[in-house]
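Comments concern the structure below.
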Amino acid sequence: MALIAYDSAQVAAFEATRHLRDEDLDTWRVAIQRYFDPRPGTRLLDLGCGTGSWSRAFRTWWPTVDVVAVEPSAAMRERALLQPVLAGAADDIPLADASVDGVWLSTVIHHIPDLVAAATEIRRVLKPGAPVLIRSAFAGRHEAISLFRWFPEAVAVLDRYPSISSVEAAFAVAGFTTAGCEPVPQVTAKSIAEAAAGLRREAHTPLQLISDDAYAAGVARLQEAARTPSGPVVDALDLLVLR
């Protein structure tokens, strides 16, 4: 699909607003460890690592795991929180055959133009039986994501993303089967007011691909909601795991 090719302004917006707080990552750590065993010496590939927030989390959680970060966007690599970040893409991974114990892709799958080619390349670098862990919003699954409450026009963009079944089908061509799929809750903001104050259109693919009028209407809805005190904004993205 390759919906967005990130430039420096978009990367800055992503870095400023899309990283979860360290204390809000625990639900993901628990979910990941249901499928990935971070034994000393294991190697985890963060594929499409962006600015490296997940690589940093993995290295904090599991200091004895070798975390390898790969990212196609030069603008993302330049602003990465940790170095080195290798240049590469899902269909061109700069690693040896059967050299990693797990592959992590976070909000990446909709940017991959050829899922079958990516699945084949991921199969090449994975050790037998190792997991692919895909964190994403998928087509048809917007209900648990608050962004679409304020910007309902963006649901049509989400529905252009791969669905869970289409990802499963593409990876099946490379011999993968589904090991699990579950929604994982996360605190996106401490309140609706904080979400409204921190919103950056450039940081969200669905918002970049709706009209200016639709975006302005969504901002107005969000700002109106922010006038009422609220608790944390809790969203849920899916974790799809294949082996």
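The values are calculated or read from the model by the stated rules, or taken from the named source; none is laboratory data. Just so it is clear, the model here is predicted, and its values are computed rather than measured. Every residue, glycine as well, gets a Cβ built from its backbone with ideal geometry; the counts of neighbours run over all protein chains shown. All accessible areas refer to the heavy atoms of the entire protein, side chains included, with ligands and DNA or RNA removed. Shrake-Rupley method; radii C 1.70, N 1.55, O 1.52, S 1.80 Å.
Structural remarks
- Distance in nm between pseudo-label sites at Arg21 and Asp114 (7 Å out along the Cβ direction from Cα): 4.4 nm
- Remark: the chain carries a charge dipole of roughly 420 debye about the Cα centre, counting +1 on each Lys and Arg Cβ and -1 on each Asp and Glu Cβ.
- Fraction of beta bridges assigned by DSSP in the chain that are antiparallel (%, nearest 5): 50 percent
- In the context of the full set of protein chains, residues of segment 53-118 present 41 Å² of accessible surface per residue (probe radius 1.4 Å, heavy atoms only).
- Note on Leu86 and Arg29: the extension gain reaches 18.1 nm, defined as 0.36 nm multiplied by sequence separation minus the Cα-Cα distance.
- Prolate/oblate/rounded label for segment 167-237 (Cα gyration tensor, a/c 1.5): oblate
- For the chain, the normalised intensity computed at q = 0.11 Å⁻¹ comes to -0.56 (log10 of I(q)/I(0), Debye sum over alpha carbons, equal scatterers, no solvent).
- Net charge of neighbours whose Cβ lies under 13 Å from the Cβ of Gly180, counting Lys and Arg as +1 and Asp and Glu as -1: 0
- Label-reachable residues, segment 201-222, where backbone N falls under 19 Å from a point 7 Å from Ser191's Cα toward its Cβ: 220-222
- Paramagnetic label reach from Asp213 (point 7 Å along Cα→Cβ; backbone nitrogen cut-off under 19 Å): within segment 154-183, residues 154-157.
- Solvent-accessible area assigned to carbon and sulfur over the chain amounts to 53 percent, based on a 1.4 Å probe.
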